[in-house]
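First the structure, in the form of structure tokens, and then the observations on it.
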Amino acid sequence: MTANENTVTKKKKRSFADRWNGLPGWSRFFWIMGGVIFLFYLPELGNIPGTNLEIPGLGFLRTDVGVGGSDWDSILFRCAVFVLIALGLNVVVGLAGLLDLGYVGFFAIGAYSVALFGSQQSPVVKLLRANFDLAPDWALAWSWCILLAIVLTMFSGVLLGWPTLRLRGDYLAIVTLGFGEIIRIIARNSTITGGPDGITAIPGPEGAPNAQNKYFSILDQKWWYWLALVAVLVVILAVRRLENSRVGRSWLAIREDEDAAAVMGVHGFKFKLWAFAIGAAIGGLSGLLFASQQAFIDPSQFNVNLSILFVAMVVVGGAGNMAGAALGAILLTYLPERLRSLGALEFLPERFQDPAEFRYLLFGLAMVVVMILRPQGLLPSKRRARELKDRAQEVPVNG
Amino acid sequence: MAERSVLLKVDNVTLKFGGVVALDSVSFDLYQGEILGLIGPNGAGKTTCFNAMTGVYRPTSGQVVFDGQTVSGKKPYEINHSGIARTFQNIRLFPEMTALENVLVGTDSRHKVSAPGALFGLPRRWGHEEDLPEVRAKGGPDRSWQEFKRSAAKFFGVSRHMQEERAAERKALELMHFCGIERAANEQARNLPYGSQRRLEIARALATEPKLLCLDEPAAGFNPAEKVELMDLIKKIRDTGVTVLLIEHDMRLVMGVTDRIVVLEFGRKIADGAPAEVRDNPKVIAAYLGVPDAA
């Protein structure tokens, strides 16, 4: 009797995640492929490619429909970059449970590594040319900059983590907050980084920005979005692998109970360093994409507000869940832009009509509301149930 | 008895917290393959003794020698790798993880693969049937999909990471079955009933392949029937070759299951011997019941 009741209530409660996990592998594969194709289609949202036909309704989601809207492709790109950041920060904050308020530091290091070594205008490149007998138009190729950005950010992650990961909780948060500021202030005050003027002519996949660029031009941002999307997909695959491995389990164990984890043989320090290094590398990658697309960076773009925004994305979306973190990043990037071109706020005083102008107020509000209504975030993390049912019964009875 | 080798030697261990002497030169030996009970009134220093052994605290003086090497002063995870596992008096599972994952964290302590191995799936090996994913579906597209994955694994080889994962899952399920909680494998640890949580802690500790298992009041809050089941489980664990050190308050359980008993009071050892001897030891009776006034 009670068993029956239980099964009935369980059936009612079947969530989307349960249903998803209940699907056979091939079916999941095709759904994912469909989703990926849709993501690549997004720049054309509302149009049927190759024709002049429109799909009614879909176009409404674009940010460039109303008057004064932003370019849809560049919003997509920005969403993708912020999703990348949220995924990286999710490793540190969501999985390993280390509150990092200085994540913008890694973002900046990634951006500055492509700027300083890839740009024709950068003081570092000029210095290297002068000292090492290089060609007068030498600069590091963009593809090498990717590697350099990842290596440098990983290294800085380890450098930050080595002394500070002995701290816990709030103390760690304060030290990382300081780290983010240190990076920004160094970038502003040292001449080798271009100082407050920043660095121009940051290259992209097609080299330094110029009018002849075929795909990665300033006018058409589609390819930038696709590039960032590929990076996001690669990072999702990589983090998924880590999540379901010894490393991911160690992160969760450290997050849940660090002392108990240590007694169970988890080398806490090592895995926390890995979390920092991997999170930093992903942050660096997104910084690199950001700098390449902008073609210009200066230190004021990497202020502490951005760090808080990153944490807000992860926390609002759902710490510990990649889908949640990504959702948080998309919402906090897309919504203000969409509302801007909606013209729906005309009843407000003029200074409040543009939500992008007072987005930090909105983010704060969103945080408060989410913390009250859904403290675990919009998409809370739920550990994946494994398919064991039939196998558990096969296990031989031990004597 | 005499030829049995000493597995753990607690040698004059003293532990002070400021002016409080929690352990006062405690010494005892633990022999390979026995069940040793560690008893004493509340605050006698039993759990502190565990903490000194497993690296949570560093002894002020004295040393703990395990399996021929000094472990006192090492980090907790190093001590775990050398073969001591424990459970906690107040249950300390990883509440958000599933029960199975809790046990998998234990198995991970014997694994080698770290982030690069999991990320890049290297090194790989070919041609071992037991590494390949199973084909379980009866028919239809499910079966074709699983067959596809199996042949892909045959072609590309299987990474050390996946080998370890599959072996770990098998072993974890076996251990959960051993402890009688295999039905709860996919439940979140915090949603388990109290008794299952205690058993899960034991399964997780066993998953680290210990030579010595330290149980800190495993029967706390159990009813008599559950205590009997737990006694059987502890004996079963000993029969698999694991030495057991048991802190327990329930005298019937301790007398029924242990081979030898060490009694602590106020951080000092006051008795050491077979259960029957200890039970009749006047010092022990005094410690538990108090001394009648001489006057």
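The values are calculated or read from the model by the stated rules, or taken from the named source; none is laboratory data. No experiment lies behind these values; they were computed from the predicted model shown. Heads up, the Cβs are rebuilt from the backbone with ideal geometry, glycines too, and the neighbour counts pull from every protein chain shown. SASA here: full protein model, heavy atoms, side chains in, ligands and nucleic acids out. Shrake-Rupley method; radii C 1.70, N 1.55, O 1.52, S 1.80 Å.
Residues considered: A:232, A:239, A:266, A:247. Of these, the only one that is over 30 Å from residue B:88 (Cα atoms) and either away from chain B (no Cβ under 14 Å) or crowded, with 23+ Cβ neighbours inside 10 Å (or both) is A:232. Just one residue in the set A:75, A:85 is open to solvent by less than 10 Å² (accessible area, probe 1.4 Å) and over 14 Å from the mean Cα position of the chain (by Cα); that residue is A:75. Within region B:277-295, being of a type in the set (A, V, I, L, M, F, W, C) and open to solvent by less than 100 Å² (accessible area, probe 1.4 Å) holds for B:278, B:284, B:285, B:286, B:287.
Filtered by the rule that a residue be part of a loop (DSSP other than H, G, I, E, B) and of a type outside the set (Asp, Glu), region B:33-56 gives B:33, B:40, B:41, B:42, B:43, B:44, B:45, B:54, B:55, B:56. Can you tell me which residue is least open to solvent (accessible area, probe 1.4 Å) among those in region A:137-161 that are aromatic (Phe, Trp, Tyr) and closer than 20 Å to residue A:108 by Cα? In this case the residue turns out to be A:142.
For the criterion of being more than 14 Å from chain A (Cβ to nearest Cβ), over 21 Å from residue B:258 (Cα atoms), among the acidic types (Asp, Glu) and not in a loop (DSSP other than H, G, I, E, B), residue B:24 passes. For region B:118-138, the criterion of a residue being closer than 30 Å to residue B:218 by Cα, in contact with a helix residue (DSSP H, G or I) (Cβ under 8 Å, 6 or more places away or on another chain) and open to solvent by 20 Å² or more (accessible area, probe 1.4 Å) is satisfied by no position.
Per this entry, residue B:205 is not counted among residues that are within 14 Å of chain A (Cβ to nearest Cβ), touching a His at 6+ places or on another chain (Cβ under 9 Å) and either part of a strand (DSSP E or B) or modelled with pLDDT of 90 or more (or both). Quick check on residue B:172: is it among the hydrophobic types (A, V, I, L, M, F, W, C), surrounded by 20 or more Cβ atoms within 10 Å (Cβ to Cβ), more than 8 Å from every other protein chain (Cβ to nearest Cβ) and not in a loop (DSSP other than H, G, I, E, B)? Judged against the criteria, residue B:172 is a match.
Checking A:175, A:151 one by one, the residue that is of a type in the set (A, V, I, L, M), within 25 Å of the chain's Cα centre (by Cα) and at pLDDT 95 or above is A:151 and no other. Is one or more of the residues making up region B:261-276 part of a loop (DSSP other than H, G, I, E, B), modelled with pLDDT of 90 or more, exposed (fewer than 15 other Cβ atoms within 10 Å of the Cβ) and at negative phi? Yes, region B:261-276 has at least one match. Filtering region B:218-258 to residues that are outside any helix (DSSP H, G or I) and open to solvent by 60 Å² or more (accessible area, probe 1.4 Å) leaves B:221, B:223, B:240, B:249. Among the residues in region A:299-319, are any within 12 Å of another protein chain (Cβ to nearest Cβ) and in contact (Cβ under 8 Å) with a residue 40 or more places away in the chain? Within region A:299-319 (the criterion being within 12 Å of another protein chain (Cβ to nearest Cβ) and in contact (Cβ under 8 Å) with a residue 40 or more places away in the chain), the answer is yes, since at least one residue qualifies.
Do we have residue B:151 as polar (S, T, N, Q), free of Cβ contacts under 8 Å to residues at least 12 places away in the same chain, surrounded by fewer than 19 Cβ atoms within 10 Å (Cβ to Cβ) and away from chain A (no Cβ under 12 Å) here? Answer is yes for this residue.
Table: residues versus (1) buried (at least 20 other Cβ atoms within 10 Å of the Cβ); (2) in contact (Cβ under 8 Å) with a residue 24 or more places away in the chain; (3) within 9 Å of chain A (Cβ to nearest Cβ); (4) aromatic (Phe, Trp, Tyr).
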{"position": "B:168", "(1), (2), (3), (4)": "yes, yes, yes, no"}
{"position": "B:179", "(1), (2), (3), (4)": "yes, yes, no, no"}
{"position": "B:184", "(1), (2), (3), (4)": "yes, yes, no, no"}
{"position": "B:193", "(1), (2), (3), (4)": "no, no, no, no"}
{"position": "B:196", "(1), (2), (3), (4)": "yes, yes, no, no"}
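If you go through region B:57-73 and keep only what is open to solvent by 70 Å² or more (accessible area, probe 1.4 Å), in a loop (DSSP other than H, G, I, E, B) and out of contact with any Lys or Arg (no Cβ under 8 Å at 6 or more places or on another chain), you end up with B:57, B:58, B:68. Within region A:108-134, being open to solvent by 50 Å² or more (accessible area, probe 1.4 Å) and without any contact (Cβ under 8 Å) to a residue 40 or more places away in the chain holds for A:117, A:126, A:130, A:131, A:132, A:133, A:134.
The residues of region B:111-127 that are assigned to a helix (DSSP H, G or I), closer than 20 Å to residue A:272 by Cβ and more than 7 Å from chain A (Cβ to nearest Cβ), listed by number, are B:116, B:117. Residues in region B:92-110 that are part of a loop (DSSP other than H, G, I, E, B), closer than 17 Å to residue A:252 by Cα and either open to solvent by 20 Å² or more (accessible area, probe 1.4 Å) or more than 8 Å from chain A (Cβ to nearest Cβ) (or both): 3 in all.
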